[in-house]
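Since the structure comes first, as structure tokens, the remarks are kept for the end.
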Amino acid sequence: MAKLFVFGIGGTGSRVLRSLTMMLAAGVDTNGYEIVPIIIDPDGSNYDLTLNITLMNQYNKIRGKLNFAQSKNKFFKTPIHEGENGYMLNVKNTNNKTFEQFIGLSTMSKPTRAMTEMLFSSKNLKAKMDVGFKGNPNIGSVVLNQIVTPEDASDENPVSEEFMSFANSFSDGDKIFIVSSIFGGTGASGFPLLLKSLRLNTNIPNQNLINNAEIGAITVLPYFKLEVNSDSEVNSDTFMSKARAALGYYEDNVKDEINALYFIADDKYNQYKHNEGGPAQKDKAHLVEFFAASSIVDFTHRAFKGQHQYLELGINDAHLKDNKPVESVRFTDFYSKLTRYLRRPLTMFALTANCFNNEKSKITSNSLDQNSKMFKDTESFYNSEFVSDFCDFLKQYLLWLKELAENNRQLDLFKLNCGSKPFNIVNGIEPSKVASFLSDYSLYFSYLNGTSITSGISDNDKFMEMHYLATEKITKDKIKLQ
Amino acid sequence: MTNKTLNLNSMDFLGEFFGTMYCWFETFFGLDLANYMWGGALETTDGAAHFQSEGNMFVVVGITMCLISLFTFTLFYYIVNHPKLNHWWGWLLFWISNGVINLIVGWSWTLSHLNSGEMNVIETASGSEISPDDYINSTDCFCFGISNMVLALIFMFAFSLLFKWWSSNCSKAPFVK
């Protein structure tokens, strides 16, 4: 299988990868591409980053216990590969260091030092880098240079092992996608540097393949504001001017180097609590990150043949109200292509998650007929680590959907409080009637019992196939999704 | 002629089959009621009179009991087939209902025969038709109903063991661990 290397730069990169992981868990089709996430974030304690890594580990733990060769299940089907050194592309020498220590300001000659002090403010020079570049792309472009320019390697500034590992594992047919924001520090500086290195670097393994690979990227334009904090170096009032300046740079230096460049923004700025980074920076999942993740899915389905495409993600123009986008976005507001990629798998997984949330005791006992047909010892299967991990993941999925629905603007795809009415789960879609005496969860259980499970597969695969096939049929017959 | 013989033989077989089963309980509901049900103008237990019935009535009662049990079984496993009833208690609900229905059917069937005079006996000495009060009473009819109930419970249990496997939602009931 071909691989798609997804570079997630900065906090936005991690948040978008979180959305992508959820989509992959739901079985969203990536056109056969395996995903290899590579996260570039000097703020290693960033909550979004740790949450996302935990989530991807959980994904792989579950996936590792499944076999897709015979099973019809597509939940967790797409592999998310962890590199030899983990998911991170480490930014070295930033821990407990200020920027001036990093560049060795004190050891510079007087003229060089004077020049450096002209280019960087004293606040920049004194900035600590263990929580990222705090919205300063001029710092980021210096620090991140280390990870992508092996020709400049030295003992003090060694070649990034993770970058070399990426280059070594790159094969013909693989693609690259870069996720970054344009209004911060890490993403705005990391993206052009990385792109330049991928296109022009000749000192890396498989350089010919990498230089000529299909590369896509999403540039996330400002979509939130931060509470005012005069002590902080991050000021969200500068987001737009930074974005404008960076776009000007992209115009001259980026646009011809990339096959697909996606843009996304939201003019409804939600105000987040001010944190410069670290574990306290807990922001709810946002619609922009969801759509940014969908651009990765879209990219896997496109063929470019050397062409360049500039694409905007968004909701269907036909759904504008008074020339403004709707406050609460649903599947019905998506463009048809995105609907086709996302609606059915996300609904199937949401149905499963909601069923576990509301009827766990029923579906994990032998009173669900299919269980007693599939398992020799139902109780011990449902007490297994695999099921426990799966349930934890489903909780994370519901939490993610809840955050998306509660953020501003809302991405209100599902009615998660539909309680005893499982088929009412998709907002804006009324379930159809089917010829059955049964209704609600009784009908749902009947769909689970009615699945035809592949013989000779493991208990884990049987379990997953049961939920996949049942929800596939429910979304076809009852919710009428294509 | 051949068909008639075959029918008669199959009716005889069913009569013997059900009669034998009901007679497991004959001391419970009374030998005289059993004699009446067997038909063929059998004598009462004291030999002083004989019944007037001709056909073996265990066939009618037995087939009715059997059909009701089969219907209740089908209702549980294949018509209602409710996932939430896939428990021992769900099956028990239908099993008991089947028993109660058959109790009422057996009781009311014999009681109606008793009250309508069909159980009247012919006194051997006088040749006159008299009330069967000395031989069969309403308690015997109730006991027959109970016997019918017990057989119905056995039949439904047997149907369940034999034919439940194709139920999509309740194939393991009543043995759901």
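Which of the residues spanning the stretch A:82-116 are under 30 Å from the mean Cα position of the chain (by Cα) and of a type in the set (Gly, Ala, Ser)?
Of everything in the stretch A:82-116, those that are under 30 Å from the mean Cα position of the chain (by Cα) and of a type in the set (Gly, Ala, Ser) turn out to be A:Gly83, A:Gly86.
Among the numbered criteria (1) surrounded by fewer than 19 Cβ atoms within 10 Å (Cβ to Cβ); (2) acidic (Asp, Glu); (3) within 21 Å of the chain's Cα centre (by Cα), which one does A:Asp412 miss?
Condition not satisfied by A:Asp412: (1).
Answer yes if at least one residue in the stretch A:350-357 is under 19 Å from A:Thr471 (Cα atoms), in contact with a Phe, Trp or Tyr (Cβ under 8 Å, 6 or more places away or on another chain), within 14 Å of another protein chain (Cβ to nearest Cβ) and modelled with pLDDT of 85 or more, and no otherwise.
Checked against the condition, which is being under 19 Å from A:Thr471 (Cα atoms), in contact with a Phe, Trp or Tyr (Cβ under 8 Å, 6 or more places away or on another chain), within 14 Å of another protein chain (Cβ to nearest Cβ) and modelled with pLDDT of 85 or more, the stretch A:350-357 yields at least one hit.
Kindly check whether there is at least one residue in the stretch B:46-62 that is touching a helix residue (DSSP H, G or I) at 6+ places or on another chain (Cβ under 6 Å), surrounded by 14 or more Cβ atoms within 10 Å (Cβ to Cβ) and more than 21 Å from B:Asn120 (Cα to Cα).
Yes, because at least one residue in the stretch B:46-62 is touching a helix residue (DSSP H, G or I) at 6+ places or on another chain (Cβ under 6 Å), surrounded by 14 or more Cβ atoms within 10 Å (Cβ to Cβ) and more than 21 Å from B:Asn120 (Cα to Cα).
Is it the case that the stretch B:145-161 has a residue that's within 30 Å of A:Phe445 (Cβ to Cβ) and hydroxyl-bearing (Ser, Thr, Tyr)?
yes
I'd like to know if the stretch A:319-337 contains one or more residues that are within 20 Å of A:Glu406 (Cβ to Cβ), modelled with pLDDT of 75 or more, under 22 Å from the mean Cα position of the chain (by Cα) and in the same structural domain as A:Ile182 (by TED's automatic domain parsing).
Checked the stretch A:319-337: no residue is within 20 Å of A:Glu406 (Cβ to Cβ), modelled with pLDDT of 75 or more, under 22 Å from the mean Cα position of the chain (by Cα) and in the same structural domain as A:Ile182 (by TED's automatic domain parsing).
For the stretch A:382-396, state whether one or more residues are within 14 Å of chain B (Cβ to nearest Cβ), more than 13 Å from A:Asn354 (Cα to Cα), surrounded by fewer than 22 Cβ atoms within 10 Å (Cβ to Cβ) and at pLDDT 95 or above. Even if it seems obvious, please write down each step before you answer.
Of the stretch A:382-396, the ones within 14 Å of chain B (Cβ to nearest Cβ) are A:382.
If we keep only those that are more than 13 Å from A:Asn354 (Cα to Cα) as well, we get A:382.
Next, only the ones that are surrounded by fewer than 22 Cβ atoms within 10 Å (Cβ to Cβ) stay: A:382.
From the residues that got through so far, the ones that are at pLDDT 95 or above too are A:382.
For the stretch A:382-396, residues within 14 Å of chain B (Cβ to nearest Cβ), more than 13 Å from A:Asn354 (Cα to Cα), surrounded by fewer than 22 Cβ atoms within 10 Å (Cβ to Cβ) and at pLDDT 95 or above: present.
Go through (1) crowded, with 23+ Cβ neighbours inside 10 Å; (2) in contact with a Gly (Cβ under 9 Å, 6 or more places away or on another chain) and name the single condition A:Met22 misses.
(2)
Test of understanding: among A:Ser455, A:Ser420, A:Ser436, which residue is within 14 Å of chain B (Cβ to nearest Cβ), outside any helix (DSSP H, G or I), of a type in the set (S, T, N, Q) and without any contact (Cβ under 8 Å) to a residue 40 or more places away in the chain?
Being within 14 Å of chain B (Cβ to nearest Cβ), outside any helix (DSSP H, G or I), of a type in the set (S, T, N, Q) and without any contact (Cβ under 8 Å) to a residue 40 or more places away in the chain holds for just one of A:Ser455, A:Ser420, A:Ser436, which is A:Ser436.
Only residues that are without any contact (Cβ under 8 Å) to a residue 60 or more places away in the chain, surrounded by fewer than 21 Cβ atoms within 10 Å (Cβ to Cβ) and touching a helix residue (DSSP H, G or I) at 6+ places or on another chain (Cβ under 7 Å): list them for the stretch B:20-37, please.
B:Cys23, B:Glu26
Exactly one of these conditions fails for B:Leu85: (1) within 14 Å of chain A (Cβ to nearest Cβ); (2) surrounded by fewer than 16 Cβ atoms within 10 Å (Cβ to Cβ); (3) of a type in the set (A, V, I, L, M). Give me its number.
Failing condition for B:Leu85: (2).
From A:Ser45, A:Ser19, which residue is touching a residue at least 40 places away in the same chain (Cβ under 8 Å) and over 15 Å from the mean Cα position of the chain (by Cα)?
Exactly one residue qualifies, and that residue is A:Ser45.
When you go through (1) out of contact with any Lys or Arg (no Cβ under 8 Å at 6 or more places or on another chain); (2) under 30 Å from A:Met466 (Cα atoms); (3) among the polar types (S, T, N, Q) one by one for B:Thr139, which number turns out not to apply?
(2) is the only condition that B:Thr139 fails.
Quick one: B:Val121 ticks every box in (1) surrounded by 14 or more Cβ atoms within 10 Å (Cβ to Cβ); (2) under 27 Å from B:Ser147 (Cα atoms); (3) out of contact with any His (no Cβ under 8 Å at 6 or more places or on another chain) except a single one, so which number is it?
It fails just one condition, (3).
Whether any residue in the stretch B:117-131 is at negative phi, assigned to a helix (DSSP H, G or I) and more than 14 Å from chain A (Cβ to nearest Cβ) is what I want to check. Write out each step before concluding.
Step one: list which residues in the stretch B:117-131 are at negative phi, which gives B:118-126, B:128-131.
Still in the list and also assigned to a helix (DSSP H, G or I): none.
No, every residue in the stretch B:117-131 fails to be at negative phi, assigned to a helix (DSSP H, G or I) and more than 14 Å from chain A (Cβ to nearest Cβ).
The values are calculated or read from the model by the stated rules, or taken from the named source; none is laboratory data. Treat the numbers as computed from the prediction; the structure is a model and nothing was measured. Neighbour counts are summed over all protein chains in view; Cβ atoms, including those assigned to glycine, are modelled from backbone coordinates with ideal geometry.
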